[in-house]
1. In nm, to one decimal, how far is the Glu294 label point from the Val175 one, both placed 7 Å along Cα→Cβ?
2. Dipole magnitude of the range 80-188 about its Cα centre, charges +1 at Lys/Arg Cβ and -1 at Asp/Glu Cβ only, in debye to the nearest 20?
3. If you project the alpha carbons of the range 226-313 onto their three principal axes, what span does each projection cover, largest first, in Å?
4. Any chance you could run the full-extension gain for Thr197 through Glu244? It's 0.36 nm times the residue separation minus the Cα-Cα distance, nm to one decimal.
5. When ligands, DNA and RNA are left out and all protein chains stay put, how many square angstrom of accessible area per residue does the chain have with a 1.4 Å probe?
6. Hey, any idea what % of the range 37-95's accessible area is carbon plus sulfur with a 1.4 Å probe?
7. Contour minus end-to-end for Thr40 and Ala381, with contour as 0.36 nm per residue of separation and end-to-end as the Cα-Cα distance?
8. Among Gln241, Gln343, Gln56, whose mean-square fluctuation peaks in a Gaussian network model of the chain (Cα, cutoff 10 Å)?
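The values are calculated or read from the model by the stated rules, or taken from the named source; none is laboratory data. None of these values were measured; they are calculated from a predicted model. All Cβ positions, even for glycine, are placed from backbone atoms using ideal geometry, and neighbour counts span all protein chains on display. When the accessible area is computed, the model is the full protein with side chains, heavy atoms only, and any ligands, DNA or RNA have been set aside. Shrake-Rupley method; radii C 1.70, N 1.55, O 1.52, S 1.80 Å.
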Amino acid sequence: MRLRTALAAAAAAAVLVTVLACAKASSGNEILVGEYGSLTGGIATFGISTRDGSQQAFDEINKAGGVLGKKLKLIVEDDQSKPEEVGTIVTKLINQDHVVAMLGHVASTHSLAAAPICQKNGIPMITPSSTNPAVTQKGDYIFRVCFMDTFQGATMAKFAADTLKAKKVAILVDVRSDYSVGLKDVFGENFKKRGGTIIAVQSYSQGDSDFHAQLTQIKATSPDAIYVPGYYTEVGTIAHQAKELGLTVPLMGGDGWDSPKLWEIGGEALNGCFFSDHYSTDDPSPVVQKFVTEYKSRYKQTPDALAALAYDAAKILAEAFTRAGTTEGAKVRDAIAATKDYQGVTGKITIDKDRNAVKPASVLKVENGKYVLVETIAPEAVKL
């Protein structure tokens, strides 16, 4: 009996500690928000841009008085660009740091690892820039403020067929990336519907550095363009090696190209290549130009789309806290879901019934290290 009593008392004490810790997270002077990202490793620029965009948003909100009479505090954990690390750090943020909401990730594979954990614990999660459709399908606490690959892939298929007038396209896909494989499938399907032909599909894995064999096979098919829906870490090298082999057709890709490191890696070999993205710093909108100016002042560099999306995600989360009047998970979830016509840096954002943002895409051209806006494509324009 004494043992049972002791065990019961210990269990009750553990519950009390958990309750008090959670109460501290919501009733102190700060609202704790977690962010998991890749601050080191192969895709580190993604995590750094996202962290900086989120922090800029929170600093602006706190300077204006905070939310619900409290300051927002961002707690960031580094997954080292390893999806297998995500579960550990997201669990820590929830169980040890007692965050009330989660921001992240850029890479869809990482978001797919985190989403079930946030869903199980009733923690609202907003991914700024994971575009794989499966991410928000993990549960009703999972949201995104970016467009999806179903739209992004269709956008570049339309661009290839209508603007570049391409008839034959080859694809070079990262088979270890949910993001890359998803885009490959959507692009291929939509390009075929527009009368085009996918004449070759070659593969690689993230971390590879030699693409000569795949590019040689592609060159033999004489494509009009090559679709490379990967991350900047490999794309720059692919562009350089393609030029070495005499492949002069344009490469095309998605938002995974968007990084200051892309030009550092690929250089002039990238000139004349195109990729889809979430916004352009060329946009004259006062909202965009104010964000760009302040970001440059803080971080001494031009914000990529990942920074802009993170800024929007953080602002939308803060607005949801205000509309909910609380940081309680279910009410915050409902407030995020009710977001309509929010004017963000990356466009006007409305969350649809499946917790996804519906918005246009920008097609950018690489010109001597700059990303120049070529055209903007609305969701209705890609429907066949």
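1. It works out to 4.6 nm between the two label points.
2. 340
3. 43, 21, 21
4. 14.4 nm
5. Averaged over the residues of the chain, the accessible area is 41 Å².
6. 52
7. In short, 119.0 nm is gained.
8. The residue with the greatest mean-square fluctuation here is Gln343.
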